[in-house]
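Just below is one structure, and these are the notes that go with it.
The values are calculated or read from the model by the stated rules, or taken from the named source; none is laboratory data. Since the model is a prediction, treat every value here as computed from it, not as a measurement. Positions of Cβ are backbone-derived with ideal geometry, glycine not excepted, and every protein chain shown enters the neighbour counts.
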Amino acid sequence: MPDKPLDLPRIRRALAELDRIAAAHPELCGDGPAWTADDVREIVMGTPNAERQRAYRQRKASRGYKRVAFDASPETLAALDALRADGKTIDEAIKQALTSATTRQEPHP
């Protein structure tokens, strides 16, 4: 993964310049494979984001994970950040807090 965002306009300009050079000097291109726009898009872009997300969610679901969403107050977010101070994931921090809270409670008669 690159350290900084890709500069797509610069990449497009570079590809356009390569196309110009190839058109002006076909002898430099050799006898390699012919690339279609779809081939290049597949190589450059890889798997579309929606497909990657869907596959990721399916992998998590197959391991028993379930997506949960809730609105958190600023105080809740601050508490969650404090629990995550040592690099824990949100899942690990919430699991630790819930486990701690449920084991401290006195059993009801």
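Details
- All positions within the range 1-50 that are of a type outside the set (Gly, Ala, Ser) and in contact with a helix residue (DSSP H, G or I) (Cβ under 9 Å, 6 or more places away or on another chain): 11, 15, 21, 28, 29, 33, 35, 40, 44, 47
- Condition broken by residue 42, with the remaining ones in (1) modelled with pLDDT of 80 or more; (2) assigned to a helix (DSSP H, G or I); (3) of a type outside the set (Phe, Trp, Tyr) satisfied: (1)
- Conditions (1) within 18 Å of the chain's Cα centre (by Cα); (2) not in a loop (DSSP other than H, G, I, E, B): number failed by residue 65: (2)
- With respect to the conditions (1) closer than 23 Å to residue 98 by Cβ; (2) more than 17 Å from the chain's Cα centre (by Cα), residue 36 falls short on a single one, namely (1).
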